[in-house]
1. For segment 171-248, what class follows from the C-alpha gyration tensor (a ≥ b ≥ c being the square roots of its eigenvalues): rounded when a/c is under 1.5, otherwise prolate if a/b is larger than b/c, else oblate?
2. Arrange the peptides 127-134, 52-59, 175-182 so that the one whose residues have, on average, the most other Cβ atoms within 10 Å appears first.
3. Using Cβ counts within 10 Å as a stand-in for footprinting exposure, how do 160, 75 rank, fewest first?
4. Once you compute Rg and the Kirkwood Rh from C-alpha atoms, what is the Rg to Rh ratio for segment 135-182?
5. Return the whole-Å distance between the Cα centroid of segment 104-129 and the Cα centroid of segment 184-248.
6. If packing is taken as the average count of other Cβ atoms within 10 Å, what order do 35-47, 227-239 fall into, highest mean first?
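Coordinate-derived values only; no laboratory data. Computed from a predicted structure; not experimentally measured. Every residue, glycine among them, receives a Cβ derived from its backbone with ideal geometry; neighbour counts consider all protein chains shown.
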């Protein structure tokens, strides 16, 4: 387990050294929070939805986690191109420990980004109503981080160039975000769109987070946790499998 800890710590240190990456990864969530939160806020209130910032904030927090978690996979391609991955793979540790350390490190960094966005949302006017449920919200944030870090790892293991990774990620990440309940409620949508949203794993993470913050759960706390937990375990196994098949 020492190898897992070392790789976990390495991922965090690498991110903290990149101040430009830290600041840049906050740009898009803040843009959505300010432009949509305050731009559509009056319309949302007139429609009887209440304070849109209260609804939007969990989705914006998930956005900060999602992008950071998925794009952590690009470090595998970077390390492969510059020879650092070979040094890691020849170490006397199992590849499972390597991928667990990398995944936990990437998820911790994504979680940190989510907490920063959460603080910014609080400054913008977001308030959570269930202080006792705050640990559940943090748990869902961490599950989202692990799940999408594992997805980024699985995809990066099958690609060899950064441009291809960015194209695949943009094709995957943006639909995952927009076809979830991050920006709008599920109720009242056309049936086909509701079906797509219900098959989106991010939907359950946001619902669990939003319900823990004070809104009503759409699917229920237990359902959100079970679905997200099972999918996280499956994607971790898939990411570990693809990482074990990397050929240098």
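1. Details: a/c = 2.74, a/b = 1.72, b/c = 1.60.
Cα axes put segment 171-248 in the prolate bin.
2. Details: 127-134: 12.5, 52-59: 23.2, 175-182: 19.1.
Descending mean neighbour count gives 52-59, 175-182, 127-134.
3. Values: 160 11, 75 21.
Exposure proxy ranking, most exposed first: 160, 75.
4. Working: Rg = 12.7 Å, Rh = 12.0 Å.
Rg/Rh for segment 135-182 comes to 1.06.
5. Between the Cα centres of segment 104-129 and segment 184-248 lies a distance of 18 Å.
6. Working: 35-47: 13.8, 227-239: 17.5.
Result, highest mean Cβ count within 10 Å first: 227-239, 35-47.
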